[in-house]
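The structure is given below, and queries will be raised subsequently.
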Amino acid sequence: MADERPDWARRMVEERAARGWSQLDAVRALMARLPADQDPLEQDLLRQWKRWEAGENQPTKYKSAIAATFSTTTGAFFPERSRRDGRAEILQVSGMDTVDIIARLRASDVDQATLDALRITADRLCCEYAYMPADQLLVEGRAWLARVVGLQHQRVSLAQHRELIALAGKLSLLVGCVEYDSGKPRDAEATRQAALMLGTEAGELGVQGWAHEMRAWFALTRGDYRGVIAAAEAGIAAAPTESVAAQLYAQQAKAWARLGDRQQTEVALDKGRLLLETLPYPENIENHFVVDPAKFDFYRMDAYRRVGEDRLAEQLANEVIRANTDFDGTERAPMRIAEARVTLGVVAAREGDLDTALTYGERALQGDRQSLPSLAMVSADLGQVLHARYSHAPEAVEFIAHLRELRNPR
């Protein structure tokens, strides 16, 4: 029979099971995180917990404490869906489609409606990062960046000039990310530096923070883990209260996990979680440069896989796949899902199930939308387990060769 419980109820059971907790263990862990004005009796809370896991009623006043008990964010455990149709929004706000916008730009008619349409267009492109083919997104992103940069030389007000600089910075971030995904690291670094300069000129802390985050990401995929930590510290100093700081803490956690420091990994993850809990739920969680609360599970999955917490990593990988797949099976974040499948493959390989490990690994490498450096880095974890435990198996050797090609494309 299909499980008709709410997702949060199912997740409460799975999170508890991944830790090997009884319901009473979970209740005691929850009680340790309750504020002083909430002091229920243990047996009363245990009865409520059983009803929550059955999906009979919502834990309304306990949501944030339950999320903290399982080391995640309230928004990830009890998500609020927020999706937009970017093209429809352009028409709704400005009354213009893409052809109209370009015509207005050529006519040098830069009014507020045109700027609004440009802003929403940039947001739309950032939302399409998750699934649009990289070559197509790169062409479109560069074209819009050139249009925005060209407007800076027209007669605009000081406020309009600042907004155009900020837009150019955001589009530069996007273009740089896609360049790096596409195996163009030098182009990506130059574009990242341009984004940082534009963000500084416009006073856009978020753009500055994301430029530092890109530096951390580049360093992570190169294996420069101390460089990741340094870049993240610079980004957090530049944008300490922006959502990008949570992702910077996550990059630190990934680096610490690869350096084998479990304590610093947990410290960085907790700092990111606490920051996200202070921020309002994002208006548009599809934007690549918005840290949606559910993405925090994705960060934790990577860290736990690296430190060998297989049960937690497996549970989070399944959660990442569910959270990013629509009811009709459409994958809204194929790159996150690919890394989740690699995680499931690593867990299976460690448990001695080679066939399942290879199945997950092969599915992860089949996606049309990939970030080659990130996928190669994560897949290396699977390759290492296969090499250590199954070097005698021809199918494992063949898959390892495939991974080598991914890291060193011709």
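Between GLN193 and GLN136, what is the FRET efficiency for a Förster distance of 22 Å, r being their Cβ-Cβ separation, to the nearest 0.05? Could the numbers behind the result be given before it?
Numbers: r = 25 Å, r/R0 = 1.13.
With a Förster radius of 22 Å, E is 0.35.
Would you compute, from DSSP H runs of 4+ residues alone, the mean residue ellipticity of the chain at 222 nm, taking -39500 (n - 2.57) per run and dividing by the full residue count, rounded to the nearest 500? List each step's numbers first, then the result.
Details: 21 runs with 291 residues, N = 410.
Here the helix-only value at 222 nm equals -23000 deg cm²/dmol.
Net charge within 14 Å of HIS387 by Cβ-Cβ distance, Lys/Arg positive one each and Asp/Glu negative one each, not counting HIS387 itself?
Working: positive: ARG350, ARG389, ARG404, ARG407; negative: ASP381, GLU395, GLU398.
It works out to a net charge of +1.
Residues with amide H under 5 Å of THR325's amide H, sequence separation 5 or more or different chain, H placed in the peptide plane at 1.01 Å from N; which?
ARG332
What's the ranking of 246-252, 318-324 by average number of surrounding C-beta atoms within 10 Å, highest first? Walk me through the intermediate numbers first.
On the way: 246-252: 27.4, 318-324: 20.0.
Descending mean neighbour count gives 246-252, 318-324.
What does the net charge come to around GLU189 if you take all other residues with beta carbon closer than 12 Å to its beta carbon, with K and R at +1 and D and E at -1?
Values: positive: LYS184, ARG186, ARG192, ARG215, ARG222; negative: GLU179, ASP187.
Spelling it out: positives minus negatives among the neighbours equals +3.
Report ³J(HN,Hα) in whole Hz for each residue of the range 158-166, in order, from the Karplus equation J = 6.51 cos²θ - 1.76 cosθ + 1.60 where θ = phi - 60°; Gly and Pro get x.
After applying 6.51 cos²θ - 1.76 cosθ + 1.60, I find 4, 5, 5, 4, 4, 5, 5, 4, 5 Hz.
Provide the packing ranking of 117-126, 263-272, 157-166, i.e. peptides ordered by the mean count of other C-beta atoms within 10 Å per residue, highest first. Write down the numbers at each step before the final one.
Working: 117-126: 22.8, 263-272: 18.8, 157-166: 16.2.
Ranking the peptides 117-126, 263-272, 157-166 by packing returns 117-126, 263-272, 157-166.
Near PRO293, within a Cβ-to-Cβ distance under 11 Å, what is the net charge of the other residues, with Lys and Arg +1 and Asp and Glu -1? Before the final figure, lay out each step's value.
On the way: positive: ARG273, LYS295; negative: GLU80, GLU277, ASP292, ASP297.
Spelling it out: positives minus negatives among the neighbours equals -2.
Moving on to the next point. If I take every Cα pair under 8 Å that is 6 or more residues apart in the range 308-410, average their sequence separation and divide by the length, what percent do I get for the relative contact order? Kindly include the intermediate steps, with their values, before the conclusion.
Details: 108 pairs, mean separation 23.1, N = 103.
About 22 percent, as a whole number.
Provide the per-residue ³J(HN,Hα) series for the range 314-327, in order, calculated from phi with Karplus coefficients 6.51, -1.76, 1.60 and θ = phi - 60°, each as a whole number of Hz, with x at glycine and proline positions.
Result, rounded to whole Hz: 5, 4, 5, 4, 4, 5, 4, 5, 5, 5, 10, 10, 6, 4.
Quick check: residue separation of GLU362 and ARG332 times 0.36 nm, minus the Cα distance between them. What number comes out in nm?
On the way: separation 30, 0.36 × 30 = 10.80 nm, distance 1.94 nm.
Taking GLU362 through ARG332 to full extension adds about 8.9 nm, to one decimal.
What relative contact order, as a whole-number percentage, does the range 7-70 give when Cα pairs under 8 Å and 6 or more residues apart are counted? Walk me through the intermediate numbers first.
Working: 34 pairs, mean separation 28.4, N = 64.
Rounded, it is 44 percent for the range 7-70.
Mean separation of Cα pairs under 8 Å and 6+ residues apart, divided by the residue count of the chain: what relative contact order is that in percent?
Details: 560 pairs, mean separation 53.7, N = 410.
Relative contact order comes out at 13 percent.
Right, another one. Round to the nearest 10 and give me the degree value, 0 to 90, for the angle of helix 394-407's Cα axis relative to the longest principal axis of the chain.
Between the helix axis and the principal axis of the chain, the angle is about 30 degrees.
I'd like the Karplus ³J(HN,Hα) series for the range 226-237: coefficients 6.51, -1.76, 1.60, θ = phi - 60°, whole numbers in Hz, and an x wherever there's a Gly or Pro.
5, x, 4, 4, 5, 5, 5, 4, 5, x, 5, 5
A further question follows. Over 27 Å between Cα atoms, which of LYS61/LYS254; LYS63/LYS170; LYS50/LYS271; LYS63/LYS295 qualify? Numbers along the way, then the final one.
On the way: LYS61/LYS254 32 Å; LYS63/LYS170 34 Å; LYS50/LYS271 30 Å; LYS63/LYS295 18 Å.
Check vs 27 Å cut-off fails for LYS61/LYS254; LYS63/LYS170; LYS50/LYS271.
What is the projected area of the convex hull of the Cα atoms of the chain, averaged over all directions, in nm²? The partial results should precede the final answer.
Numbers: hull surface 88.6 nm².
Dividing the Cα hull surface by four gives the mean projection, 22.2 nm².
A further question follows. Given the options GLY176, GLY206, GLY367, state which has the largest fluctuation in a GNM of the chain using a 10 Å cut-off (strictly under) for Cα springs.
Largest GNM mean-square fluctuation: GLY367.
Compute the angle between helix 244-258 and the longest alpha-carbon principal axis of the chain, please, reported from 0 to 90 degrees and rounded to the nearest 10.
With rounding to tens, the tilt is 50 degrees.
In what sequence, highest mean first, do 24-32, 335-343, 194-202 appear when ranked by Cβ atoms within 10 angstrom? Could you put the intermediate results ahead of the total?
Values: 24-32: 16.9, 335-343: 25.2, 194-202: 21.0.
My ranking of the peptides, most packed first, is 335-343, 194-202, 24-32.
Every read-out reported here was derived from the displayed coordinates using simple, explicitly stated rules and does not represent laboratory data. Note that the structure is a prediction, hence the values are computed from the model and not measured. Methodologically, a virtual Cβ is constructed for each residue, glycine included, from the backbone with ideal geometry; neighbour enumeration extends over all protein chains shown.
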